[in-house]
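Written below as structure tokens is the structure these notes are about.
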Amino acid sequence: MSRGEAASPEEKRICYPALAGDCLKKGDCIMKKFLTLLLALAMTLSLAACGGSGASSTASAGDTTSTAASTEAASGDEQINLRMAWWGSQDRHDKTIAAIELYESLNPNVKIEYEYYSFDDYFTKLKTLVASDQVWDVFQMGGNFPMYIDKICPLDDYIASGVVDTSGITDANLKITQDTEGHQLGLSNGLNSYGIAYDPAMFAEAGVAEPTDDWTWDDYANAANTIHDKLGIYGCSSMLTSEFIAGCSVYISQYGNVGQYSFFNLDLTGMGFDDAQMLTPYIQMRADSIKNGVYPDPGAASEITNIENDFLVTGEAAMTWVAANQFPTIYNVCQEQGRTLKLATLPRIKNDGPSGAVIQSSQMLCVSQDSAQKEAAAAFISWFENDPDCNNILQGERGIPVNTTVRETLSAKATEGQQIMYDFIDKVSNFEMPEKINVLSPDGQDQVVDNYRNYIQQVVDGQITAEEAADKTYADAEALFNK
């Protein structure tokens, strides 16, 4: 496909930047001609997330009958010291530490020193370790992994030897963390999709109808405006870290037929649409909502440090954009306040148009090329993704598990918030979707994302029009392929 040429409707394909988280964020991606297939087969319930704070400590290692080979790799008299790190919410930190402690109790010769961070701090630290060839033995990666691919040790040899057990993971769910040559770069922590979490009591108080599965961006804007006018709160919390995903990736894919348009084309050789003005309606809607106080400005948005103090959670907003795996966390927090949240699908441009939704991997755990204990690190990852006891602790916080047995076990014991998450992924997986997507992005996209947010603010301030912001965003993105 040539630069600027949109995919034909028959191809049903889309280039869709990764779950931010999950999270798509600054300085994350390089173009590596790396395509991920996400077929309907991959939509057998699974998911993921974002979050966080920071600290460090020590923990543990272990295994069950489902991962006997992995246990064998970690067992013995030799003392093994591993380093592990991740980003996320406090809930993720607590659960991951408990899982590590279980692993160590099952494998007394293994000690795991762990560190956890907020999203930004994690990648600041990672870049420092990359420069000094000291990347943690086990480290968490999201859709930005191509930027660090030289530091990822493929799991192929460990899968062949039985150290890493993939027998309970479908081929489709393995492919989402493979490169184009089929090398297994890691095991997915789960699959995920985006939605809009909302407080139905606030909608009712404002006299606003609740979202439906085919609600539009006009419905979303009208609901947010009315809630702000009636209740004096934000209609929707900040999408700051996902504004580009919402207004560019999702919005553009909602035009035409399923898979006809995407922000970047599938091959990452150019743009996936020709008309920059397709971006304008969303930019105008968002600028209007900021100007009218319906949506947080950048200053207010900076007060949100993780999903647990999102304005929806604090009662200062009626809606927020979430990765589905984040929903159980905020559901539980609000439940303790006596509030009950719901999870709606993403608004569409037209009621009967494409949903713009996809289900994809949130993150994966990888073995570092810098590790002196690669086999032990691979054994831990196998246990982390496959062991029922471990995942009974994790409770799908990073997303619905990719291991079939684990998924079935957790689903049978789901809490209210988790069941809503499972049902949501079930629903979204039944929407018509592109046959192929690319969750990666070209080198330099981080600057395009920053500029896009700045352009929206310039529209708010009256410095440029929404039409000019659309032209500038398109030009910035297209310039990535003209270097």
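In the stretch 84-133, the residue that is nearest to Thr329 (Cα to Cα) out of those that are assigned to a helix (DSSP H, G or I) and acidic (Asp, Glu) is Asp91. Does Val250 count as farther than 12 Å from Tyr295 by Cα, under 24 Å from the mean Cα position of the chain (by Cα) and at pLDDT 95 or above? Criteria met by Val250.
Can you find, within the stretch 87-115, the residue that is nearest to Asn306 (Cα to Cα) among those that are modelled with pLDDT under 95 and open to solvent by 30 Å² or more (accessible area, probe 1.4 Å)? Among those that are modelled with pLDDT under 95 and open to solvent by 30 Å² or more (accessible area, probe 1.4 Å), it is Gln90. Answer yes or no as to whether Cys366 is over 21 Å from the mean Cα position of the chain (by Cα), crowded, with 21+ Cβ neighbours inside 10 Å and at negative phi. Criteria not met by Cys366. Can we say Gly247 is within 19 Å of Ala357 (Cα to Cα) and open to solvent by 20 Å² or more (accessible area, probe 1.4 Å)? Taking the combined requirement at face value, the residue does not satisfy it.
In the stretch 444-469, the residues that are under 23 Å from Pro146 (Cα atoms) reach residues that are crowded, with 18+ Cβ neighbours inside 10 Å and among the hydrophobic types (A, V, I, L, M, F, W, C) with C-beta atoms within less than 6 angstrom, at least six apart or across chains, in these pairs: Gly444/Leu480; Gln445/Cys29; Val448/Ala477; Val449/Phe244; Tyr452/Phe244. The set of residues in the stretch 348-360 being among the small types (Gly, Ala, Ser) and open to solvent by 20 Å² or more (accessible area, probe 1.4 Å) is empty. Taking the criterion of being more than 30 Å from Leu480 (Cα to Cα), of a type outside the set (D, E, K, R) and either part of a loop (DSSP other than H, G, I, E, B) or modelled with pLDDT of 95 or more (or both), the residues of the stretch 297-325 that qualify are Ile304, Thr305, Asn306, Phe311, Leu312, Val313, Thr314, Gly315, Ala317, Ala318, Met319, Thr320.
If we scan the stretch 372-381, do we find a residue that is under 22 Å from Pro434 (Cβ atoms) and either at pLDDT below 95 or surrounded by fewer than 24 Cβ atoms within 10 Å (Cβ to Cβ) (or both)? Explain how you work it out, then say what you get.
Step one: list which residues in the stretch 372-381 are under 22 Å from Pro434 (Cβ atoms), which gives none.
Taking every residue of the stretch 372-381 in turn, none turns out to be under 22 Å from Pro434 (Cβ atoms) and either at pLDDT below 95 or surrounded by fewer than 24 Cβ atoms within 10 Å (Cβ to Cβ) (or both).
None of Thr404, Thr415 is touching a Gly at 6+ places or on another chain (Cβ under 6 Å), open to solvent by 10 Å² or more (accessible area, probe 1.4 Å), polar (S, T, N, Q) and under 22 Å from Ser362 (Cα atoms) except Thr404. Just one of the listed residues (Glu435, Glu478) is surrounded by fewer than 18 Cβ atoms within 10 Å (Cβ to Cβ) and under 17 Å from Ile252 (Cβ atoms), and it is Glu478. Looking across the stretch 131-151 at every residue that is out of contact with any Cys (no Cβ under 8 Å at 6 or more places or on another chain), aliphatic (A, V, I, L, M) and modelled with pLDDT of 95 or more, the one that is least open to solvent (accessible area, probe 1.4 Å) is identified as Val135.
Of the residues Thr345, Thr340, which single one is touching a residue at least 12 places away in the same chain (Cβ under 8 Å), at negative phi and open to solvent by 10 Å² or more (accessible area, probe 1.4 Å)?
Working: Thr345 fails: open to solvent by 10 Å² or more (accessible area, probe 1.4 Å).
Going through Thr345, Thr340 in turn, the sole match is Thr340.
For the stretch 173-198, the set of residues classified as among the small types (Gly, Ala, Ser) and surrounded by 17 or more Cβ atoms within 10 Å (Cβ to Cβ) consists of Gly186, Ser188, Gly190, Ser193, Gly195, Ala197, listed by residue number. For the stretch 75-86, filtering for residues that are within 26 Å of Ile149 (Cβ to Cβ) and open to solvent by 70 Å² or more (accessible area, probe 1.4 Å) leaves 2. In the stretch 200-211, is there at least one residue being over 24 Å from Lys291 (Cβ atoms), open to solvent by 40 Å² or more (accessible area, probe 1.4 Å), among the charged types (D, E, K, R) and without any contact (Cβ under 8 Å) to a residue 40 or more places away in the chain? Yes, because at least one residue in the stretch 200-211 is over 24 Å from Lys291 (Cβ atoms), open to solvent by 40 Å² or more (accessible area, probe 1.4 Å), among the charged types (D, E, K, R) and without any contact (Cβ under 8 Å) to a residue 40 or more places away in the chain.
Scan the stretch 257-283 for residues that are closer than 17 Å to Gly353 by Cβ and open to solvent by less than 10 Å² (accessible area, probe 1.4 Å) and the total you get is 7.
Mind listing just one residue for me: the one in the stretch 226-241 that is outside any helix (DSSP H, G or I) and in contact (Cβ under 8 Å) with a residue 40 or more places away in the chain and, of those, nearest to the chain's Cα centre (by Cα)? Give the steps one after another, and end with the answer.
First, the residues of the stretch 226-241 that are outside any helix (DSSP H, G or I): 232-239.
Subsequent filtering for residues that are in contact (Cβ under 8 Å) with a residue 40 or more places away in the chain retains 233-239.
Details: Ile233: 27, Tyr234: 24, Gly235: 23, Cys236: 20, Ser237: 18, Ser238: 16, Met239: 13 Å.
Top of the filtered list is Met239.
Within the stretch 259-280, can one find any residue that is among the hydroxyl-bearing types (Ser, Thr, Tyr), in a helix (DSSP H, G or I), under 17 Å from Pro434 (Cα atoms) and in contact with a Ser or Thr (Cβ under 8 Å, 6 or more places away or on another chain)? For the stretch 259-280, residues among the hydroxyl-bearing types (Ser, Thr, Tyr), in a helix (DSSP H, G or I), under 17 Å from Pro434 (Cα atoms) and in contact with a Ser or Thr (Cβ under 8 Å, 6 or more places away or on another chain): absent. Would you call Asn332 out of contact with any helix residue (DSSP H, G or I) (no Cβ under 7 Å at 6 or more places or on another chain) and open to solvent by 20 Å² or more (accessible area, probe 1.4 Å)? Considered against the rule, which asks whether it is out of contact with any helix residue (DSSP H, G or I) (no Cβ under 7 Å at 6 or more places or on another chain) and open to solvent by 20 Å² or more (accessible area, probe 1.4 Å), Asn332 comes out as no. Among the residues in the stretch 231-244, are any of a type in the set (Asp, Glu) and over 14 Å from Arg286 (Cα atoms)? No, the stretch 231-244 contains no residue that is of a type in the set (Asp, Glu) and over 14 Å from Arg286 (Cα atoms). Restricting attention to the stretch 447-474 and to residues that are polar (S, T, N, Q) and part of a loop (DSSP other than H, G, I, E, B), the residue that is most open to solvent (accessible area, probe 1.4 Å) turns out to be Gln463.
The values are calculated or read from the model by the stated rules, or taken from the named source; none is laboratory data. Computed from a predicted model, the values in this text were never measured in an experiment. Note that each Cβ is placed from the backbone with ideal geometry, even for glycine, and that neighbours are counted across all protein chains shown. For the accessible areas, the whole protein counts, side chains as well, though only heavy atoms, and no ligand, DNA or RNA atoms are used. Shrake-Rupley method; radii C 1.70, N 1.55, O 1.52, S 1.80 Å.
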